[in-house]
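Everything on this sheet refers to the single structure shown next.
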Amino acid sequence: MVEAPRLIRHSLVGVSSGVLLIALTWLFVDGLSLDVLLGSSIALLLTGCYHYSFQYHWTFGSDASHQVALARYILMCAGIFVINALVMYYGVKALQVHYLIVQFLANATITAWSFFLSSIWVFVRQG
């Protein structure tokens with residue numbers, strides 16, 4: 001069962017991560033003129049560092065070793081990276097939808113994936 005405070009914390013970290021991801025994607029693509037796939041991918045990697053730290057310490061209060069939790073988190077993020085790239089490619093390149101709209105939709109998919117795996121596998125308390 002999901003505890004309401006944990007769900008609220010996860011949501012706050014998720015929303016702030018989503019805002020950070022959109023802002024960094026915009027900065028890299030419009031501000032620094034990087035290719036949309038490269039800019040989105042770099043933004044996702046940086047946002048991942050922020051996200052891990054807050055989810056580990058604040059949302060889940062995990063006592064798992066960072067060796068275990070971080071390894072699992074990286075595997076989860078590999079899936080997130082692939083999901084993001086596929087959604088961005090399909091939306092921007094194939095459907096020619098504006099990249100920020102597509103990134104918003106990718107965020108929704110990423111959030112569901114992250115919460116599910118974080119809850120049952122990544123940040124599971126040891127004690």
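Observations on the model:
- Among residues of segment 81-127, those that are surrounded by 15 or more Cβ atoms within 10 Å (Cβ to Cβ), closer than 17 Å to Ala43 by Cβ and of a type in the set (Gly, Ala, Ser), counted: 4
- Scanning segment 5-22 for any residue that is of a type in the set (Gly, Ala, Ser) and exposed (fewer than 13 other Cβ atoms within 10 Å of the Cβ) turns up nothing.
- Residue within segment 65-74 that is basic (Lys, Arg), modelled with pLDDT of 95 or more and in contact with a helix residue (DSSP H, G or I) (Cβ under 9 Å, 6 or more places away or on another chain) present: yes
- Only residues that are closer than 17 Å to Leu86 by Cβ and hydroxyl-bearing (Ser, Thr, Tyr) were counted across segment 24-63, and they come to 3.
- The set of residues from segment 37-59 being among the β-branched types (Val, Ile, Thr) and either in contact with an Asp or Glu (Cβ under 8 Å, 6 or more places away or on another chain) or crowded, with 20+ Cβ neighbours inside 10 Å (or both) comprises Thr47, Thr59.
The values are calculated or read from the model by the stated rules, or taken from the named source; none is laboratory data. Worth saying up front: this structure is predicted, and the values here are computed from it rather than measured. Glycine gets a Cβ as well: all are built from the backbone with ideal geometry, and neighbour counts include every protein chain shown.
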